[in-house]
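Student: Pasting in a structure now, in structure tokens, and then I'll have a few things to ask.
Values in this text are rule-based calculations from the coordinates and carry no lab data. Since this is a predicted model, take the numbers as computed values, not measurements. Positions of Cβ are backbone-derived with ideal geometry, glycine not excepted, and every protein chain shown enters the neighbour counts.
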Amino acid sequence: MNETPSPDVPLLECKDLSISYFTRAGEIPAVIDFNLTVHPGEAVGLVGESGCGKTTVAMAVMRYLGGNGKIVGGSITYRGRDLLSLGAEELRRLRGNEIAMIYQEPMASLNPSMTIGRQLMEVPLYHDNASKREAKDKALSILDAVHLPDPARIMAAYPHQISGGQQQRVIIAMALLSNPQLLLLDEPTTALDVTVEAGIIELVAEIGEKFGTGMLYISHNLGLIRETCDRIVVMYSGEAVESGTINQVFDEPCHPYTHGLFNCIALPTTDKNARPLVPIRGQLPLPHERPEGCNFGPRCDFFEAGRCDQGFVPMRETDVPGQTARCLRWNEIDWAEHAPDRVQSIPTEVGEEVLRIDSLSKYYEVHDRSLSALISGKAVRHVKANEDLSFVAHEGETIAIVGESGCGKSTFAKVLMGLETATSGTLDFEGDDISETEVGDRSAKQIGALQMVFQNPFDTLNPSQTIGSQIVRVLRRFGQADSKGEAQIMMLKLLDTVKLPRDFALRRPRQLSGGQKQRVGIARAFAGEPATVIADEPVSALDVSVAAAVTELLLDIQRRNNSTLLFISHDLSIVRYLADRVIVMYLGQIMEQGTTDEIFNPPYNPYTEALLSAVPVADTNVEKRRIILEGNVPSPLDPPAGCPFSTRCQHRLGEICDTTPPPRQETESGHSILCHIPLDELAKADPVFSFKDTPQAAA
Amino acid sequence: MVSITSVITTSIPEFASAVFFITIFVFGLKWLPGTSTMANGFDPLQLVLPVMVLVIYDFGYVARMTRASMAEVMTTHYIRTAVLKGLPYRRVIMNHALRNALIAPFTVIMLQINWLLSGVIVVEVAFAYKGFGALLLEASLNQDIYVIEACAMVAVFVAVGTQTLADIGYTFLNPRIRFS
Amino acid sequence: MRALKSFALLRESWVGMAGVFIVAFWIVMAIFAPWIAPFDPLELMQPFAKPGVEWKGGGTFWLGTDSLGRDILSRIIWGSRTVLIYAPLATICAYTVGIMMGLVAGYRLGWWDTILSRISDIVLSFPVLVLYVIVIATIGASGINIVIAITFASAPGIMRIVRGLTLDLRNRDYVAAAQTRGESDWFIMLVEILPNARGPLIVDACLRLGYVVITIGILGFLGLGLPPPDPDWGGMVNESRSLAMAFPHMAVFPCIAISSLILGFNLLADGLREISLRD
């Protein structure tokens, strides 16, 4: 139906595009002077932090900006046709047919009350005038093409009956049904686990090769863009600031913001003591508070007053063909000379044992009230959220607990904090077994000594109380301050420690940005001078440049207090950056634990190996071994009888893995792996990461 | 428009709309009888006003609910998916939006049957109709415990019956309930 | 301070402003009734006077008189006092009980939740008015009993709303933070959860005020309201019911009064919802 495109006409071209939203407060420019070209068969990445306008660009291409969004300047052409002048019917025929979109939240993007089959069949029914039979056959074959098992069953299912990864595959199938020329992907894997993400990325790459589809890939993750795209456009605060091929931009970025971004993300070459992250100072400007001149000016180290803050800064060609940058000084800066100041610090001294966890298990009872369960007598089932966890943490040590959703890391945090009690096993904290002491029965000193930093900055603080009063409450509670006045003074000092201005004490959480809220969360956790702090994905919801600053702050305070830090994360790059020791969990069990070096080098537990391979790396010098896992994480209600990973394992031995729980194999240094495969066999594996050049400092 | 009409109709209690209708149609226009005693056998004309009073209050309420629910559904991601799939507008509304938008008001509508039973009391008193409501009121004014008990039983049966129907209907509308 | 800010926001919603205006009008009427009302609401003057008739003792019956010869306008103005005292009082009582039940059920869960939810299910399965009639018939008609009946019948509905909000809010990280520093359950319910549920609750309270006004009116209409001779809008309609076909003015004006007050509360609720959706 769609004729083959000629290669010289670009598939999609945005020229000097400007988009604004019109609100009660007036016109808010969302995208300014934006240029982009996607050629047939090419994948272009669009990267930027939240609010930079990247999603708005995609929605403008789809001509779906809502009631208050308007394209105020420039043009969008699709294969030479002006998209902005299309009538409603022409637009309808284009949408979902020649240009298709893949969304960030697969669950929310599928109609909950319609079977997947019907939702898929609509596409051929309305675009190709297919008969119901043809539509059904087409839907079945496309589900097969996106590697979904048992397409007939999926067709009859409702969206909530399949997993998140499968939902995203259904969305992709829906987009591919009409053989589109252009695919817009808006953060398609952000809501998914890393190993599932790896599968989706593989699928997208395969589509590009097989169908020659042009792609616009929107993401905040530089690593993902590197692995999926040919060219990249970096956006900042509504403007494109740099564009070029992947190698150009990743190896020789021209714009200070792009440079800043790369210094913010944990790469295999960074290290918390020798080569720490360098955050970009300040924070993203709000759309109506953008500065005069260069938007990045106030955060830029190369800002020149009288030049960078005067008038509009245009995008211009650099001396490398195809690479453009929106910077007046791009050719004046000698990047080698201006290597960022990496404040090196002395590693914390690992002291005495603080926390000893021994064979800790936490089971939940689940009551099944269905008739069949009552008849078979299996009305009560156990979810093994944590099974036989053992590890030791020392003073000043940073231990990372890594795993995907449902691995039991959050349950473990709850048991540790006393919100739940353990089913069996012991948890010695500073000499007392607290595995069965609920938080209400712990002493104020114990509570203050074991605190937590929460994941979501947007609900870590009570919205109806001031920042100051929330910190004061904590100080009084832990007996740090005897009088109100004393607590007030300590609170202000804490604000200094987390580098927030003192007048924030009177503000309410909604007046703070995500990063600032997370700083308050850190201040609160460290108010009782804790011996141990659990940080549950403290930066995963923050923008890259802000996350780096919060991470550094956390490490800084940890060094000062010589606290033990238990860092829960799914992101192995950041774990490699800051952890001394790593614990890898899967379905409630510890699959592997050891020092960071031991975890990142063979011998690997097969799950760790797959997890490492799934992490996108934003460094063109790093080569990765690709391992794509099949299937989903099994339900914790019904775990495999043998090894928890046996259903997806790439090195599965056979029967034994399914039926017999694997042994815990330990080396003298304490590196332990849960696997049937002997250690010396596992040690023969190649490292997942290899470097093209020798990196300046190996991790 | 719908919202203004419905906010006004939900603001007029049944007894007030009964008074207004009597003033307009009985006193003013002299079209309809003002009482529904059914003294001379069944007379459909006598039913017009009581039914109007009952309908007009609920109409506004249900219209408001449905409108709010529809407005909410139209902002969801799956409606965006349906539009960007290139479906005609009609199809998006009829097949994707309406069914999801009906889930929330449906339970409310079924609860309204309960409320109707309350309305019946007022309407029966207003139009001097001898029925369930008038019986209950009279019994309670005379402290006739047995009759009150009997009426309460009937009321609960109706309530439980409609709730059961509502639950069954709900599972049809909402597949997420059906298989869990 | 915060109230001022909400009011400033409300000014941008004309629906909300209309509601504020109507409600404020009746509050002014209630407060200044003795000075505004042209006659004593209880004084028996000239029966069956039509609107606009002048009294021989001086003054005009702008809205006519009732069958006992009392001035309807004065009775409506004084009657606003009854409604504006009992409706908010009943709503506050119902909210206090409903919020406590909802917080405990939604936060403690388990047995507390099962018992409280069952109780509210049972109460809610009765048609509301049947419930009122039964309660009032049992304990007798008086101002306080109306408050008790309304509390009894509406608290379960409020409990459901609060429980739903609590179930959502209890999973927030700041609640977890309070738990991990060992705060008591009541501190968490009252300081960490309740203030953050206030938005939807305020909107609901406005709507419910409207319902309570309807209820008080209906009870008066059914003869279960305040005992005569105190002016009460529903009661006025009740007294003139049998004469409505001959003298519609006796019933129509109190009906307009009560409908306008309910409309005021409903518009206010709409306006508040509009501004709460905005940010």
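Student: Evaluate the distance, in nm, between pseudo-label points positioned 7 Å from the Cα of residue A:141 and of residue C:198 along their respective Cα→Cβ axes.
Tutor: With each label point 7 Å from Cα toward Cβ, the separation is 6.2 nm.
Student: Once you wrap a convex hull around the alpha carbon atoms of segment C:78-278, what is its projected area averaged over all directions, in nm²?
Tutor: Averaging across all directions leaves 12.9 nm² for the Cα convex hull.
Student: Where in chain A lies the longest segment free of GluC sites (Glu not before Pro) that are both loop residues by DSSP (not H, G, I, E, B) and have at most 13 other Cβ atoms within 10 Å?
Tutor: A:4-291
Student: Considering only DSSP states other than H, G, I, E and B, which trypsin sites (Lys or Arg not before Pro) in segment A:459-554 qualify as loop sites with at most 16 other Cβ atoms within 10 Å?
Tutor: Passing sites in segment A:459-554 are A:499, A:507.
Student: When Cβ neighbours within 10 Å are restricted to other protein chains, what is their mean count per residue of peptide C:220-227?
Tutor: Values: counts 1, 10, 9, 3, 3, 0, 0, 0.
The per-residue average across the peptide is 3.
Student: Something else: Restricting attention to segment C:97-168, which trypsin sites (Lys or Arg not before Pro) occupy a DSSP loop and are surrounded by at most 15 other Cβ atoms within 10 Å?
Tutor: On the way: sites: C:108, C:118, C:160, C:163; in loops: none.
Here no trypsin sites (Lys or Arg not before Pro) fit, given the DSSP loop and packing criteria.
Student: Would you mind telling me the antiparallel percentage of the DSSP bridges in the protein assembly as shown, rounded to 5?
Tutor: Values: 65 of 102 bridges.
In the protein assembly as shown, DSSP labels about 65 percent of beta bridges as antiparallel.
Student: Follow-up question, since we're still on this one. Averaged over peptide B:72-84, how many Cβ atoms belonging to another chain are found within 10 Å of each residue's Cβ?
Tutor: So the per-residue partner count for this stretch is 6.
Student: Can you sort C:111, C:233, B:31 from fewest to most other Cβ atoms within 10 Å of each residue's own Cβ?
Tutor: Final ranking by Cβ density, sparse to dense: C:111, B:31, C:233.
Student: Suppose each label sits 7 Å from its Cα in the direction of the beta carbon; what would the residue C:168-residue C:32 distance come out to in nanometres?
Tutor: 4.2 nm
Student: For chain B, what class follows from the C-alpha gyration tensor (a ≥ b ≥ c being the square roots of its eigenvalues): rounded when a/c is under 1.5, otherwise prolate if a/b is larger than b/c, else oblate?
Tutor: oblate
Student: Please work out, to two decimal places, the log10 of the ratio I(q)/I(0) at q = 0.12, 0.13, 0.23, 0.26 Å⁻¹ from a Debye calculation in which every Cα of segment A:106-190 carries one identical scatterer.
Tutor: Scattering profile of segment A:106-190, log10 relative to I(0): -0.31, -0.36, -1.16, -1.43.
Student: Compute log10 of I(q)/I(0) for segment A:47-149 with the Debye formula, placing one identical point scatterer on every Cα and leaving out solvent, at q = 0.13, 0.15, 0.16 Å⁻¹, to two decimals.
Tutor: Taking Cα atoms of segment A:47-149 as identical point scatterers yields -0.64, -0.83, -0.92.
Student: Filter the cross-link list A:70/A:624; A:210/B:85; A:15/A:517; A:384/A:624; A:54/A:493; A:384/A:499 down to pairs whose alpha-carbon distance in this structure exceeds 32 Å.
Tutor: Where the Cα-Cα span goes over 32 Å, the pairs concerned are A:70/A:624; A:15/A:517; A:384/A:624; A:54/A:493; A:384/A:499.
Student: Further, regarding this structure: By count of other Cβ within 10 Å, fewest leading, how are B:55, A:380, C:175 ordered?
Tutor: A:380, B:55, C:175
Student: Over all residues in B:135-141, what is the mean tally of Cβ atoms on other chains that come within 10 Å of each residue's Cβ?
Tutor: Counting other chains' Cβ atoms within 10 Å and averaging over B:135-141 gives 5.
Student: Here's something else I'd like to know. Please report, in Å, the Rg and the Dmax of the protein assembly as shown, where both are computed over Cα atoms only.
Tutor: My reading of the Cα-based Rg and Dmax gives 34.7, 116 Å.
Student: Can you give the FRET efficiency to the nearest 0.05 for residue A:666 and residue A:211, using r as the Cβ-Cβ distance and R₀ = 45 Å?
Tutor: About 0.35, to the nearest 0.05.
Student: Another question, if that's okay. For the pair residue C:54/residue A:27, report the inter-label distance in nm, with labels modelled 7 Å from Cα in the Cβ direction.
Tutor: Simple spin-label model gives 6.5 nm for this pair.
Student: Can you tally the net charge around residue A:448? Count Lys and Arg as +1, Asp and Glu as -1, for every other residue whose Cβ sits under 10 Å from the Cβ of residue A:448.
Tutor: +3
Student: Report the FRET efficiency, 1/(1 + (r/R0)^6), for residue A:690 and residue A:502, where r is their Cβ-Cβ distance and R0 is 51 Å, rounded to 0.05.
Tutor: 0.55
Student: What is the Cα coordinate range of segment A:197-347 on the first, second and third principal axes, sorted by size from largest, in whole angstrom?
Tutor: Computed over segment A:197-347, the largest-to-smallest principal extents equal 52, 45, 33 Å.
Student: Counting other Cβ atoms within 10 Å, keep those with at most 16, restrict to DSSP loop, and tell me which chymotrypsin sites (Phe, Trp or Tyr not before Pro) in segment B:39-114 are left.
Tutor: B:42
Student: So, in Å, what gap is there between the alpha-carbon centers of segment A:598-657 and segment A:126-192?
Tutor: What the calculation gives is 26 Å, centre to centre.
Student: Could you work out the mean projected area of the convex hull around the alpha carbons of segment C:34-165, in square nanometres to one decimal?
Tutor: Mean orientational projected area (segment C:34-165, Cα hull): 10.5 nm².
Student: Still on this structure, please answer the following. Rg to Rh for segment A:561-650: what is it, with Cα atoms only and Rh by Kirkwood? All intermediate terms of the calculation are to be shown ahead of the outcome.
Tutor: On the way: Rg = 14.3 Å, Rh = 14.5 Å.
Result for segment A:561-650 is an Rg/Rh of 0.98.
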